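Report on the following structure.
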């Protein structure tokens, strides 16, 4: 398929997701509200609730999907998920601590704390995942991440056991992933998108190197790519994207697993195209998942966390990929 057709499909899916999220979920709003008076009730719902929420869902979906694609490439593991290297554990502790502290009552307290703890866990992981020669090993990154997440889970359980019930409910909602973020301002959302754009462009500059390292570290070195440097840079940049998403939406799993595999199967593994396509389809996927959660509100009389829905979709996909993997090399 020609590259132009691939992007036409990706942008069409994103446009469809935006229409559903802004005008259909959970109740119908007329597109004419875009040009109507901003003082009406329906316009306030559109501009102050649905539009910021949709923007955050798109940002989080793109961030998790792009980071998942990069992790699966540089770690040479098709089952690598953005949360498996300890980012989610750090975010969970940071968010839980911020929720229970009175000093974090500001709407930026939880995102800021989750972001800082995420990065702390990531850099600790990168320090521990080196061999005796100082080289970063992909499989050790995964193993250390699993241990970190288990440790973080225990810490969060202790916190839940000692805090008030209302705080536990708030904590659980955040840990399961939600688009009901307190971040609604245009400046704040624009700043988040600016960070995403800078990190994405830095990753895209290495798209040729990612194609090489997909063949293996030794093969990349033969082709003139500094594999170790690329590995470290890609992991750090991807972790920044995951920390960014978890800081505003909590823990949303499997997006970084499902979307990259879907893009690879449909459009190939060339990172010059798969990186931007993954970003677009990731945004579409999470926007539609969040829209479905809102559409189901009348059925359950409550809004389920979007992380629950992505887990219901991603769980079977994970098992399918695990069954299909018959060799340790994914891109062979």
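Any read-out appearing in this document is the output of simple, stated calculations on the displayed coordinates, not a laboratory observation. In this text the structure is predicted, and so the values were computed from the model without any measurement. Neighbour counts run over all protein chains shown; Cβ positions are idealised from the backbone, glycine included.
Normalising by the residue count of the range 3-324, find the relative contact order in percent from Cα pairs under 8 Å and 6+ residues apart. Each step should come with its number before you reach the end.
Values: 489 pairs, mean separation 102.5, N = 322.
Reported as a whole number, the value is 32 percent.
Could you give the angle, 0 to 90 degrees to the nearest 10, between helix 165-175's Cα long axis and the longest principal axis of the Cα atoms of the chain?
For helix 165-175, the angle is close to 50 degrees.
Tilt of helix 227-249 relative to the longest C-alpha principal axis of the chain, in degrees (0 to 90, nearest 10)?
For helix 227-249, the angle is close to 10 degrees.
Identify which of 254, 187, 151 has the largest mean-square fluctuation in a Gaussian network model of the chain, with springs joining Cα atoms closer than 10 Å.
Top of the fluctuation ranking is 187.
Given the rule -39500 (n - 2.57) for each run of at least 4 DSSP H residues, summed and divided by the residues of the chain, what is its mean residue ellipticity at 222 nm, to the nearest 500 deg cm²/dmol?
Numbers: 15 runs with 231 residues, N = 332.
Only helices count here, giving -23000 deg cm²/dmol.
Can you tell me which of 258, 319, 168 moves the most in a GNM of the chain? Springs connect C-alpha atoms under 10 Å apart.
319
Against the longest alpha carbon principal axis of the chain, how many degrees, from 0 to 90 and to the nearest 10, is the axis of helix 186-204 turned?
Compared with the principal axis, the helix lies near 20 degrees.
Provide the FRET efficiency to the nearest 0.05 for the residue 27-residue 222 pair, computing r from the beta carbons and using R0 = 56 Å. Walk me through the numbers before you get to the answer.
On the way: r = 58 Å, r/R0 = 1.04.
FRET efficiency, residue 27 to residue 222: 0.45.
Name the most mobile residue of 139, 204, 193, meaning the one with the largest mean-square fluctuation, in a Gaussian network model of the chain with Cα contacts below 10 Å.
139
Which of [x] 18.4; [y] 26.0; [z] 17.2 is the computed mean projected area of the Cα convex hull in nm² for the structure on display?
Among [x] 18.4; [y] 26.0; [z] 17.2, the one derived from this structure is [x].
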